[in-house]
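What follows is a short report on a single structure.
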Amino acid sequence: MKSSYKNIAIIGCGKVAHLHAKAVENLHNAKLAAVWSRTKESAERFAALYGAKPYDEIETMIDDSKIDLVIVCNPHPFHCEVTVKAAQAGSNVLVEKPLASTLEDCDKMIEACRKAGVRLGVVSQRRWYAPVQRIRRAIDEGKIGTPLLGTVNMLGWRDKAYYDSDPWRGTWDMEGGGVLVNQAPHQLDILLWMMGDIDEVYGVQRNLNHPYIEVEDTAVAVVKFKNGGVGNIIVSNSEKPGIFGKVHIHGSNGASAGVQTDGGAMFIAGMSSVLEPPVNDLWTISGEETMLSEWVRQDSELFNSIDPTVYYMERQIEDYLNALDNGHEPLVTGEAGRKTVELFTAIYRSTRDNMPIKFPLKPEYDRKDMDGRIINNGK
């Protein structure tokens, strides 16, 4: 496996950017060389903390600091503009989840990176959780047969202080959506990674108990997968103080495997820590039923020995750099990121149109309602 030293830049200096900066500091084959922010002062403050150089022009930053990889950390609706600029300037790009707020932006980003001959990836660091990777291996090895039933249950809580902590939170034009866009993409990505491509979605989104925000705090959906399987999604920010996030997969031979990715109050970048270790909470694969307690012990020990808010960021950035060195795609590609956006877009459109939405989805160029979010909002 080849390895070369990489210069990394961060775009956007909000709370999650600090986690990426700390992750880069821990890598032996990379350094944080540069930082860009919409305001010069913000870039200068952030750069001073990590020994990087601040910039107010993306193209200049990439050329001047010989940037190999840009990590995009600004609010979701602004991912597209900066990604296209970075790609056209010759840098590979890793984008914080979700890839974008809209399919139109996703397609622009994917096409810009394709034309520039650079790679595009999306942050979904929970794929590196040991219990998540166990499920993926079990599927790959045929231990559950064909995955035919997949469920996501993510019941969390966000209070007014959370939405007041940044001016972009809770708004359609600055955040792009609520629980579907900001909190659920991790679990939706894992569901898609396990179950495969979607054929049809019927969904509903609502704002149940957050009258001070524009966006949805809850969504439910029924999913038909192209492999003949089905799924159910329940995601919400309305359960105080936060209960859990779980993804469960059930196979054609009757075996089941599941992961609790999040327990208790949900992690908020820059505002809280990860409270409970990710663990397999369901495992009925023949011959392996008794291994669950040992895996929980192992995974809990690892969790208590690391900073989980940074460690899994390190693993994803490490995977991306290995992909650059060895000429293959990163584990979470731009196309994979688009599939998550396609899924939550289908739920918005299904709410608007009150009907199932067939896949694949294309951008809606002839409407100005942001896929049914802004005008209808499920009310």
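Spot the failing condition for Trp128; the list is (1) in contact with a His (Cβ under 9 Å, 6 or more places away or on another chain); (2) of a type outside the set (Val, Ile, Thr); (3) in contact (Cβ under 8 Å) with a residue 40 or more places away in the chain; (4) farther than 25 Å from Val222 by Cβ, and only one is missed.
That leaves (1) as the condition not met.
Across region 158-209, what is the total count of residues that are of a type in the set (Asp, Glu), surrounded by fewer than 18 Cβ atoms within 10 Å (Cβ to Cβ) and part of a helix (DSSP H, G or I)?
Of the residues in region 158-209, 2 are of a type in the set (Asp, Glu), surrounded by fewer than 18 Cβ atoms within 10 Å (Cβ to Cβ) and part of a helix (DSSP H, G or I).
Within region 17-45, which residues are under 28 Å from Gly327 (Cα atoms) and part of a helix (DSSP H, G or I)?
Ala17, Leu19, His20, Ala21, Lys22, Ala23, Val24, Glu25 - these are the residues of region 17-45 that are under 28 Å from Gly327 (Cα atoms) and part of a helix (DSSP H, G or I).
Taking region 329-379 on its own, how many of its residues are touching a strand residue (DSSP E or B) at 6+ places or on another chain (Cβ under 7 Å) and assigned to a loop (DSSP other than H, G, I, E, B)?
Here the count works out to 5.
Does region 332-353 contain at least one residue that is farther than 23 Å from Ser236 by Cα, more than 22 Å from the chain's Cα centre (by Cα) and open to solvent by less than 50 Å² (accessible area, probe 1.4 Å)?
Scanning region 332-353 turns up no residue that is farther than 23 Å from Ser236 by Cα, more than 22 Å from the chain's Cα centre (by Cα) and open to solvent by less than 50 Å² (accessible area, probe 1.4 Å).
With respect to Lys31, is the statement that it is at pLDDT 95 or above and at positive phi true?
No, not satisfied.
Among the numbered criteria (1) of a type outside the set (S, T, N, Q); (2) surrounded by fewer than 18 Cβ atoms within 10 Å (Cβ to Cβ); (3) assigned to a helix (DSSP H, G or I); (4) touching a residue at least 24 places away in the same chain (Cβ under 8 Å), which single criterion is violated by Ala48?
If we test Ala48 against (1) of a type outside the set (S, T, N, Q); (2) surrounded by fewer than 18 Cβ atoms within 10 Å (Cβ to Cβ); (3) assigned to a helix (DSSP H, G or I); (4) touching a residue at least 24 places away in the same chain (Cβ under 8 Å), just (4) comes out false.
The values are calculated or read from the model by the stated rules, or taken from the named source; none is laboratory data. On a predicted model such as this, the values are computed, not experimentally measured, just so you know. Glycine also receives a Cβ, built like all others from the backbone with ideal geometry; neighbour counts cover every protein chain displayed. Protein only, heavy atoms only, side chains kept; ligands, DNA and RNA dropped before computing areas. Shrake-Rupley method; radii C 1.70, N 1.55, O 1.52, S 1.80 Å.
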